[in-house]
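One structure below.
No lab work stands behind these numbers, since they all come straight from the coordinates. In this text, all values refer to a predicted model and were calculated from it rather than measured experimentally. For neighbour counting, all protein chains shown are included, and Cβ atoms are generated from backbone atoms with ideal geometry for every residue, glycine included.
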Amino acid sequence: MFAAIAAATVVAAVVWRPSGGAGSHARRALLLGGAPPVLTVTAVQSHAVGRFGLALQVGDRLPAGTVVRTGKHGRLTLLTREGSEFTLNEKSEFALSPDGVSGALRRGEVYCRSRLHEIRRIATPAGEIHLLGTALDAALTQPDTVAVTVVEGKVRLANSHGEAIVEAGRKAVLTTAQAPAGGVPVDPAAEIS
């Protein structure tokens, strides 16, 4: 879905990669911190980091509230217990809320496919994206602006100026400066590839 895939990132000084055995159990305990797992890492291209700056690996299980980051050319795919998907593109930061039903895109780009209405909302610096049975791509294009491409279903964009429904096959811009609108027709495959 995303174009560039390659190199690495240095977000934290700690990169811990135990090879199995007791080290793997200690790694899982550190990543989960006693919380039940909500997300499972299913794909990592380049480096991505999670809790305590640990490099994420396929199979890692993460609790709600975890903040994950990708670096230059990085990409990361996470699945929830119900099968909803988050794919972060390069230079992205995303946090799943402690309740596990919403998230926050802090920078970069995230593709989200919500299954069984599991993920209800994605907060951004520009406002909120309410998922109404949806697959979407959201990309922060500036600190106060997010471009939202609806692949399936629809979303409700909301900020302090108002709200708007955006249907599948449309792209809308959510900004802090004005009320959201219904967007313009696009080819979602071309927009997010």
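A few points about this structure:
- Measuring r between the beta carbons of VAL58 and ARG156 and using R0 = 30 Å, the FRET efficiency lands at 0.35.
- Extension gain from ILE165 to ARG107, taking 0.36 nm per residue of separation minus the Cα-Cα distance: 18.6 nm
- Computed from the Cβ-Cβ distance with R0 of 25 Å, the FRET efficiency linking ALA190 to ASP144 stands at 0.45.
- Nonlocal amide H pairs with GLY103, under 5 Å, H built at 1.01 Å: SER97, ARG121, ILE122, ALA123
- Projected label distance in nm at HIS117 and THR40, using a 7 Å step from Cα toward the beta-carbon: 2.5 nm
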